[in-house]
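Heads up, the thing below is written out as structure tokens.
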Amino acid sequence: MRELPGAWRRTSAGAGLMAPDGSVRPTIFAEMSALAAETGAINLGQGFSDEDGPDAVLSAARDAISNGVNQYPPGRGIPDLLSAISEHQLRFYGLHLDPARDIVVTAGATEALAAALLALIDGPDDEVVVFEPYYDSYAACVALAGARLVTVALRWPQFQPDLDQLRSAVTDRTRIILVNDPHNPTGAVLSAEVRDEIVRLAEQHDAVIVTDEVYEHLIFDEPHVPLATLPGAWDRTLTISSGGKTFSTTGWKIGWISGPAPLVDAVLAVKQFLTYVNGAPFQPAIATGLRLPDEYFEGIASTLRAKRDLLGEGLREAGFEVSVPRGSYFTVARIPEPDDGGHIDAGEFCRALPARAGVVAIPLTAFVSTAHRGEYADLVRFAACKRVEVLEEAASRLAAMR
Ligand code: PMP
Ligand code: GLN
């Protein structure tokens, strides 16, 4: 057959997954989780918890299945979940959302991101500004939608953007400023100054802000500030979150997108032809989760903070420099320079790490565009969302490698 045409090509290329022979590589998460399974190494790569979430949430899903919640839910989501999301935004952030108009439930944050980008981008001259490194699906979906990706660098060790660089990246061609806060893969939390500037630039250039806040409850030093709460932001901001991280249910794929009704309607117009709907019995279960008392949410943040500290300590003892994350599942570490001063390649390092140390991690180069890989070639992401004994064992294996 002749070369297969189609958008798959630019999508894969956008994600940096097109091999020189024209085949498509799996995502870095799939590759590294498979490597962990194959070698029996400890998986500090793909971000998922190795423990179940709260019993109340799990049993609500079992009850829903037993009680016949097994057919297509309504297109925007089950009303009880829409109400629970609205209550959650009011309880934590003082935002008033109309459950019937301002929210759509999606197949994870991933579908919300894809639908928002496909809905709001309209042609090859449109630009999407993202902070780099970025979550892998951003570049893939911007490429799928046929727009141009404009990156603003986050640099070791603080991973805050330079404001002048941000200002020159956002122009009248910018349709979307795509933000992720707390940030995967760096664990950075945007400073108030950066948040204000994002909103100011979006207003100045009439851009939409799409903000991915899936780690909203995994923040260690301060309360999370959604961009949508800033003065002037609400009317042009779509906020995305998900139950996956907050309730340790990444396999359920219940996410949501919220914002002013006209923007949400535009996203729904696309979303209804991607999955239509998903996860009927998991929707009431996530509603139960969102209504858990404050102590639950404080508990997951403080538990993960302690794990972050444990992982950071282990990495330092193993000879890495560590950027202390202020949120998210992740810690970025810098590979120690080899004694012979030889070059470091995070991808090679991570592919060899299971055999050398019995640990899997993710190279930061997987989160940056090809042209910028060199600038991140000594940085590796480790996930802290694992049991304490697993983190301790990983730390001692890494130290033994030294
Ligand atoms: N955005 C970010 C920043 C993430 O880290 C993840 C997943 N870990 C997602 C989106 C996808 O979330 P979901 O599993 O709900 O699709
Ligand atoms: N978000 C998870 C991570 O960053 C992985 C999700 C996925 O495998 N697509 O590790």
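A few notes on this one:
- From the options L391, L379, L364, residue that is over 25 Å from V130 (Cβ atoms) and of a type in the set (A, V, I, L, M, F, W, C): L391
- Qualifying positions in the range 217-236 - closer than 22 Å to V128 by Cβ and either within 16 Å of ligand 1 (Cβ to nearest atom) or more than 18 Å from the chain's Cα centre (by Cα) (or both): P226, L227, L230, G232, A233, W234, D235, R236
- The range 120-155, subset in contact (Cβ under 8 Å) with a residue 60 or more places away in the chain and over 19 Å from the mean Cα position of the chain (by Cα), residue farthest from ligand 1 (Cβ to nearest atom): G146
- Residue count for the range 137-179, restricted to those that are closer than 14 Å to F367 by Cβ and basic (K, R): 1
- Unmet criterion (only one of (1) within 23 Å of S248 (Cα to Cα); (2) part of a loop (DSSP other than H, G, I, E, B)) for A112: (2)
- Leading residue by the ranking (farthest from ligand 2 (Cβ to nearest atom)) among those in the range 72-121 that are within 30 Å of G146 (Cβ to Cβ) and among the polar types (S, T, N, Q): T106
- Hits in the range 241-274 (condition: more than 16 Å from the chain's Cα centre (by Cα) and either among the aliphatic types (A, V, I, L, M) or within 16 Å of ligand 2 (Cβ to nearest atom) (or both)): A261, L263, V264, A266, V267, L268, A269, V270, L274
- Selected residue (only one of P5, P20, P74 is modelled with pLDDT of 95 or more and more than 20 Å from the chain's Cα centre (by Cα)): P74
- From the list E317, E298, E313, E321, the one residue that fits, being more than 16 Å from ligand 2 (Cβ to nearest atom), of a type in the set (D, E) and free of Cβ contacts under 8 Å to residues at least 40 places away in the same chain, is E298.
- Taking the range 14-100 as the region of interest, the helices (runs of 4 or more DSSP H) fully inside it that hold 1 or more residues being within 16 Å of ligand 1 (Cβ to nearest atom) and closer than 23 Å to V332 by Cα are 28-39.
- Spans of strands (runs of 3 or more DSSP E) in the range 180-284 with at least 3 residues hydroxyl-bearing (S, T, Y) and surrounded by 21 or more Cβ atoms within 10 Å (Cβ to Cβ): 237-242
- Condition check for T275: within 15 Å of G108 (Cα to Cα), within 15 Å of ligand 1 (Cβ to nearest atom) and touching a residue at least 40 places away in the same chain (Cβ under 8 Å): yes
The values are calculated or read from the model by the stated rules, or taken from the named source; none is laboratory data. Note that this is a predicted model, so its numbers are computed, not measured. FYI the Cβ positions are ideal-geometry reconstructions off the backbone, even for glycines, and counts take in every protein chain you see.
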